[in-house]
Amino acid sequence: GLLLVASLAQFVGSLHTVPDALLRSRLEFRFLAVSGFLIGVLVGAPLALGLAYAGAGAYSIIVSLLVSQVLRLVLLWRRARPRVPRRVRPRRWRYLLHDSGLLLVASVALMFTYQGASIVLGRMYAAPMVAAGIFYFAWNLADQSGRLVMQNLSPILFPTLRTLADHPERQVDAFLKASRLLTLVGVPMCLGQAVLAGPLMRTVYPDRWEPAILVMVIISIGMAGRMLT
């Protein structure tokens with residue numbers, strides 16, 4: 001049931017692609033940031049908490065995600081107003097197939113990167129739910145600082161650097177400056193997260209999550225290198 005609802009949320013999320021790309025190409029980052037923030041704060045989080053309080057369990061997270069995706073879809077399409085041609089032109093598809101194929105391969109590789117550790121733990125241990133659960137819990141916590149920086153910075157950097165495509169020297173210079181800034185901000189953030197993992201987890205979470213502290217420390221250190229890529 002959870003997978004079915006999550007799959008529906010993913011389907012709705014895929015419909016964001018065209019209007020989201022249009023808005024990014026217009027450099028309308030403020031609208032994207034504000035709309036995403038408001039939906040998360042005013043809809044997603046309250047709905048998840050309300051469903052959890054009502055006893056919906058894990059569905060509270062997935063259903064709130066689905067509702068948030070639907071609302072964001074409406075806002076993006078109303079803002080971008082992409083033209084949907086009635087005429088199908090198969091001859092143009094070949095221009096998309098090559099790049100789309102590469103992106104699909106990259107997405108599959110990224111999926112294995114995120115899911116591979118849990119699969120390995122599930123195959124190695126007699127009680128996989130314990131080992132995989134501790135790892136997944138620690139991974140999600142350690143991943144937050146990286147996501148905070150990368151998911152907000154990368155969508156801005158890509159279309160901005162794209163505008164310098166006719167000036168490769170300036171493009172390289174801007175890319176190097178952004179990489180240095182990301183290093184100065186991101187690496188200390190990850191290492192600080194590793195140092196504070198123990199005190200924070202002991203303060204916020206119950207004792208049963210104590211084994212996840214060391215895992216979070218190791219992953220946080222590894223995130224420093226991953227953030228640069």
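What the table below lists for this structure:
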item	result
In segment 105-145, the residues that are surrounded by 13 or more Cβ atoms within 10 Å (Cβ to Cβ) and either among the acidic types (D, E) or more than 23 Å from I213 (Cβ to Cβ) (or both)	D143
Segment 37-55: number of residues that are under 16 Å from the mean Cα position of the chain (by Cα), open to solvent by 30 Å² or more (accessible area, probe 1.4 Å) and among the small types (G, A, S)	1
Within segment 50-68, tally of residues that are closer than 15 Å to G1 by Cα and in contact (Cβ under 8 Å) with a residue 12 or more places away in the chain	9
Test for R72: is it open to solvent by 60 Å² or more (accessible area, probe 1.4 Å) and either within 18 Å of L22 (Cα to Cα) or at pLDDT below 85 (or both)	no
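The rows are residues; the columns are (1) in contact (Cβ under 8 Å) with a residue 12 or more places away in the chain; (2) under 28 Å from P155 (Cα atoms); (3) loosely packed, with under 14 Cβ neighbours inside 10 Å.
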residue	(1), (2), (3)
L181	no, yes, yes
V187	yes, yes, no
W209	yes, no, no
A212	yes, no, no
M216	yes, yes, no
S220	yes, yes, no
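The values are calculated or read from the model by the stated rules, or taken from the named source; none is laboratory data. Computed from a prediction, not measured in an experiment: that's the story for all the values here. Cβ: placed from backbone, ideal geometry, glycine included. Neighbour counts: every protein chain shown. To get the accessible areas, we keep the full protein, side chains included, count just its heavy atoms, and leave off ligands, DNA and RNA. Shrake-Rupley method; radii C 1.70, N 1.55, O 1.52, S 1.80 Å.
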